[in-house]
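Notes follow once the structure below has been shown.
The values are calculated or read from the model by the stated rules, or taken from the named source; none is laboratory data. All figures in this text were calculated on a predicted structure; none of them were measured in a lab. Positions of Cβ are generated from backbone atoms using ideal geometry, with glycine treated the same way; all protein chains shown enter the neighbour counts. For the accessible areas, the whole protein counts, side chains as well, though only heavy atoms, and no ligand, DNA or RNA atoms are used. Shrake-Rupley method; radii C 1.70, N 1.55, O 1.52, S 1.80 Å.
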Amino acid sequence: MKIEPSDMLTAVVVGHDHQNTLGVIRSLGEEGIRVKTIIISDGEFSSTAYSKYIDEVFIIRITELTNTLLTLAAGIDERIPLIPCGDDVVACILSEFSKLNGLYILPVAESGSNTLRLMNKSEMLRAAYAAGLNVPNWVTVHYNEFNLLEQRCEKLRFPCMLKPVSLRPGGVFEFRILRTMDELLDSMDYINSNCSVIIVQEYIQKVKEFGVNGCRLYSSGETVFGGVIEKKRFSQSSLGSTTAGTILPDKYGICDAAKRFVEHINYRGIFDTEFITDGEIFYFVEMNFRNGGYGYAYTKAGRNFPAIWAKEAIGFDIENCVDKPLRNVFFVNESADLQNVFAKKISLIDWLRDVLRADAHMYINRKDMKPLLKKILRK
């Protein structure tokens, strides 16, 4: 039965002072959804907090998140959709799943503990392989097996990539590309000093990289997509983060692969998956159990995933949201992408041209300019 809203729907957004959080707030607000926002920050300033779409805002440390959510829910009579916008936020919320699940509609893969397990890269790769996706061969090595690293990795084809899964106290994260077994063994000092669990995985010489945001609906279990992102440029400071790209129709079957994965793990919520190709095979890289940093571009393309998730979860009709015609959208994260000018990855003129021609920006928004102005002025 379709339920028509008798009052404005409320959703809670939790995230850092970041374009991901801002994009979710704008997506909900543009659909007429009341937004209560919790900004995770070690200080009192947040440019995101100045969005005109925020009904109520809290700026807190992440250690205060659970109590803040409990206090916020106490003033609301029904379960409301909660949309997290960062991996650490997802982990914090899921670690308190038993306390929060009765108060909020949470994005989750069956349970909090199961989702936390799947957020571990080793478990995620196993699940993707079991779902029938192409996954580059990998080996997971724990601290007590580091002395057996050569034997554990002897069947892998080099080059490989080394990625810490978890760090020792005080450990430093490093992502390394290793061309030979000797280079892997030369990394032993770093591994022993910094890591408790690592992944060594065959490195694919990628020719293209793709992102897919989607939403598996809370009640029906259907999965909604809005095309795929062909990535153009990447952040100079945040490994793998996309700063410019284009949303296009999926002509490769990537959405089908993402659908198989989320259904296999029975995840319901907004998600962000990454794939690469060597020109022949498309490989699964990872999935984030949250909206992607470029998620607002999908809203501009005609698929407002935060609104779709929130409205369907509470029982509202979403037909008008999922039947909108899709359009190709070029987007740019104008703030992070400027780093590519300083790094000489793109000229200032070409960057300005891209900013001017972009269909979606992560900060510039003529209907909601305060976050950008506050970000520039910092006051």
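When you check LEU82 against the structure, is it open to solvent by less than 30 Å² (accessible area, probe 1.4 Å), in contact with a Phe, Trp or Tyr (Cβ under 9 Å, 6 or more places away or on another chain), assigned to a strand (DSSP E or B) and hydrophobic (A, V, I, L, M, F, W, C), yes or no? Against the criterion (open to solvent by less than 30 Å² (accessible area, probe 1.4 Å), in contact with a Phe, Trp or Tyr (Cβ under 9 Å, 6 or more places away or on another chain), assigned to a strand (DSSP E or B) and hydrophobic (A, V, I, L, M, F, W, C)), LEU82 qualifies.
Could you check LEU326 against (1) within 18 Å of PRO249 (Cα to Cα); (2) part of a strand (DSSP E or B); (3) of a type in the set (A, V, I, L, M, F, W, C); (4) open to solvent by 10 Å² or more (accessible area, probe 1.4 Å) and say which number it fails? If we test LEU326 against (1) within 18 Å of PRO249 (Cα to Cα); (2) part of a strand (DSSP E or B); (3) of a type in the set (A, V, I, L, M, F, W, C); (4) open to solvent by 10 Å² or more (accessible area, probe 1.4 Å), just (2) comes out false. Scanning segment 306-323 for residues that are open to solvent by less than 60 Å² (accessible area, probe 1.4 Å) and assigned to a helix (DSSP H, G or I) gives PRO306, ALA307, ILE308, TRP309, ALA310, LYS311, GLU312, ALA313, ILE314, CYS321, VAL322.
Among residues of segment 350-379 being in contact with a strand residue (DSSP E or B) (Cβ under 7 Å, 6 or more places away or on another chain) and assigned to a helix (DSSP H, G or I), the one that is nearest to VAL24 (Cα to Cα) is VAL355. Here GLU56 does not fit the description of being over 13 Å from VAL35 (Cα atoms), of a type in the set (Asp, Glu) and open to solvent by 30 Å² or more (accessible area, probe 1.4 Å).
Residue check: ARG79 meets all listed conditions (1) over 21 Å from LYS311 (Cβ atoms); (2) more than 22 Å from the chain's Cα centre (by Cα); (3) of a type outside the set (Val, Ile, Thr) but one, namely (1). If you filter segment 210-221 down to residues that are under 16 Å from the mean Cα position of the chain (by Cα) and among the hydrophobic types (A, V, I, L, M, F, W, C), you find that the one that is farthest from PHE282 (Cα to Cα) is CYS215. Residues that are polar (S, T, N, Q), in a helix (DSSP H, G or I) and modelled with pLDDT under 95 within segment 114-143 comprise just one, SER122. How many residues does segment 169-212 contain that are among the hydroxyl-bearing types (Ser, Thr, Tyr) and either assigned to a loop (DSSP other than H, G, I, E, B) or surrounded by fewer than 13 Cβ atoms within 10 Å (Cβ to Cβ) (or both)? Of the residues in that region, 4 qualify. For VAL139, the criteria (1) aliphatic (A, V, I, L, M); (2) open to solvent by less than 10 Å² (accessible area, probe 1.4 Å); (3) under 19 Å from ILE198 (Cα atoms) hold in every case but one, which is (2). The set of residues in segment 329-349 that are in a helix (DSSP H, G or I) and open to solvent by less than 10 Å² (accessible area, probe 1.4 Å) comprises ASP337, ASN340. For segment 222-236, the count of residues that are assigned to a helix (DSSP H, G or I) and over 16 Å from the mean Cα position of the chain (by Cα) is zero. Of the candidates GLY293, GLY245, GLY269, the single residue that is in a loop (DSSP other than H, G, I, E, B) and either touching a strand residue (DSSP E or B) at 6+ places or on another chain (Cβ under 7 Å) or buried (at least 21 other Cβ atoms within 10 Å of the Cβ) (or both) is GLY293.
Every condition in (1) in contact with a Cys (Cβ under 7 Å, 6 or more places away or on another chain); (2) modelled with pLDDT under 95 holds for ILE270 except the one numbered (2).
Scanning segment 213-224 for residues that are buried (at least 21 other Cβ atoms within 10 Å of the Cβ) and either closer than 23 Å to GLY240 by Cα or without any contact (Cβ under 8 Å) to a residue 24 or more places away in the chain (or both) turns up ASN213, GLY214, CYS215. Does segment 26-37 contain any residue that is in a helix (DSSP H, G or I), among the small types (Gly, Ala, Ser), open to solvent by 10 Å² or more (accessible area, probe 1.4 Å) and within 28 Å of ASN213 (Cα to Cα)? Looking through segment 26-37, at least one residue is in a helix (DSSP H, G or I), among the small types (Gly, Ala, Ser), open to solvent by 10 Å² or more (accessible area, probe 1.4 Å) and within 28 Å of ASN213 (Cα to Cα).
Restricting the first member to segment 52-67 and to residues that are charged (D, E, K, R), and the second to residues that are surrounded by 13 or more Cβ atoms within 10 Å (Cβ to Cβ), the beta-carbon pairs closer than 6 Å and six or more apart or on different chains are LYS52/ASP368; ASP55/ARG34; ASP55/VAL35; ASP55/LYS36; GLU56/LYS36.
Cβ-Cβ distance below 8 Å, separation of 6 or more or different chains: which pairs start in segment 134-147 with a residue that is free of Cβ contacts under 8 Å to residues at least 24 places away in the same chain and end on one that is not hydroxyl-bearing (Ser, Thr, Tyr)? Pairs found: GLU145/ARG152.
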